[in-house]
Amino acid sequence: MIADDRSGTPARLVLATHNRHKIEELRAILAPLLPDLPGEAVVGAADVGAPEPVEDGVTFAENALIKARSLVDATGLPAVADDSGLCVDVLGGAPGVFSARWCGRHGDDQANLDLLLAQLADVPEPHRGAHFACAAALVTPTGAEIVEHGSMPGTLLTEPRGDGGFGYDPILRPEGESRSSAELSAEEKHAISHRGKAFRALAPHVAEALTAGGG
């Protein structure tokens, strides 16, 4: 059994991220379903030294499954992964799976945001519909694979607002909101976000896998 280096607690579930916030988020979602599961038993890819696979899928679900399968192969434990991005109506759903590298460089949030705003500069508000999309996948050592989806629809602003969140958060105003996603508190965003919806839908399947001894 792989142990979490910080606590010595045996790991039972691996999350395909190096982002500590995402790990804490999943722990919080699972807690009511698995009250006897120590939070430290849910670890990230960095905790177990897992390699990062090439994400060459053409859908969010494919990329999430690629990451989860790679973790299962590396650790022998059930794994959860997600892939997400911004889908713009007038761009036919782009940037989509290319959201993190829309400018041609991976992970340059500001350049991605600036390029998208420039591309949409002449698009009037009634046609600036968009949504954040997320696919969350669970893969177990027995070969079971489950994918759940979440979406946060909204409208793209013409300039960034707010300094919370990351990525395209400053330019998406969620449906029914007057604020951008980057102006919401973490709790407000989590309650309506694409990732929150996908993880909450996946959580019962994770609970079932762990209860059945998948971890």
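Would you be able to say whether some residue in the stretch 155-162 is of a type in the set (D, E, K, R) and at pLDDT 95 or above? Can you show your working first?
Residues of the stretch 155-162 that are of a type in the set (D, E, K, R), as a first pass: 159, 161.
Going one step further and asking which of them are at pLDDT 95 or above, we end up with 159, 161.
Scanning the stretch 155-162, I find at least one residue that is of a type in the set (D, E, K, R) and at pLDDT 95 or above, so the answer is yes.
Kindly indicate the residue of the stretch 80-106 that is of a type in the set (A, V, I, L, M) and in contact with a Pro (Cβ under 9 Å, 6 or more places away or on another chain) and also farthest from GLY167 (Cα to Cα) among those meeting that condition.
Residues of the stretch 80-106 of a type in the set (A, V, I, L, M): 80-81, 86, 88, 90-91, 94, 97, 100.
Subset that is in contact with a Pro (Cβ under 9 Å, 6 or more places away or on another chain): 86, 88.
On the way: LEU86: 9, VAL88: 14 Å.
This residue is VAL88.
Could you check the stretch 19-47 and list, in sequence order, the residues that are over 12 Å from VAL206 (Cα atoms), over 13 Å from the mean Cα position of the chain (by Cα), crowded, with 19+ Cβ neighbours inside 10 Å and of a type in the set (A, V, I, L, M, F, W, C)?
Once the filter is applied, which keeps residues that are over 12 Å from VAL206 (Cα atoms), over 13 Å from the mean Cα position of the chain (by Cα), crowded, with 19+ Cβ neighbours inside 10 Å and of a type in the set (A, V, I, L, M, F, W, C), the stretch 19-47 yields ALA41, VAL43, ALA45.
Would you be able to say whether some residue in the stretch 72-79 is farther than 26 Å from ILE171 by Cβ, free of Cβ contacts under 8 Å to residues at least 24 places away in the same chain and over 18 Å from the mean Cα position of the chain (by Cα)? I'd like the intermediate steps shown before the answer.
Let us first name the residues in the stretch 72-79 that are farther than 26 Å from ILE171 by Cβ, namely 72-79.
Still in the running and free of Cβ contacts under 8 Å to residues at least 24 places away in the same chain: 73.
Imposing the further condition that a residue be over 18 Å from the mean Cα position of the chain (by Cα) reduces the set to 73.
Yes, there is a match, as at least one residue in the stretch 72-79 is farther than 26 Å from ILE171 by Cβ, free of Cβ contacts under 8 Å to residues at least 24 places away in the same chain and over 18 Å from the mean Cα position of the chain (by Cα).
Of all residues in the stretch 148-205 being buried (at least 19 other Cβ atoms within 10 Å of the Cβ) and aromatic (Phe, Trp, Tyr), which is nearest to GLY85 (Cα to Cα)?
TYR168
What about VAL139, is it touching a Lys or Arg at 6+ places or on another chain (Cβ under 6 Å) and buried (at least 19 other Cβ atoms within 10 Å of the Cβ)?
Answer is yes for this residue.
Just for the stretch 56-92: of the residues that are of a type in the set (D, E, K, R) and buried (at least 18 other Cβ atoms within 10 Å of the Cβ), which one is nearest to ARG200 (Cα to Cα)?
Within the stretch 56-92, the first condition is being of a type in the set (D, E, K, R), and the residues that meet it are 56, 62, 67, 69, 73, 82-83, 89.
Next cut, buried (at least 18 other Cβ atoms within 10 Å of the Cβ) only: 67, 69, 82-83.
Working: LYS67: 19, ARG69: 20, ASP82: 12, ASP83: 15 Å.
Per the stated criteria, the residue is ASP82.
The values are calculated or read from the model by the stated rules, or taken from the named source; none is laboratory data. Owing to the predicted nature of the structure, the values given are computational and were not obtained by experimental measurement. Glycine gets a Cβ as well: all are built from the backbone with ideal geometry, and neighbour counts include every protein chain shown.
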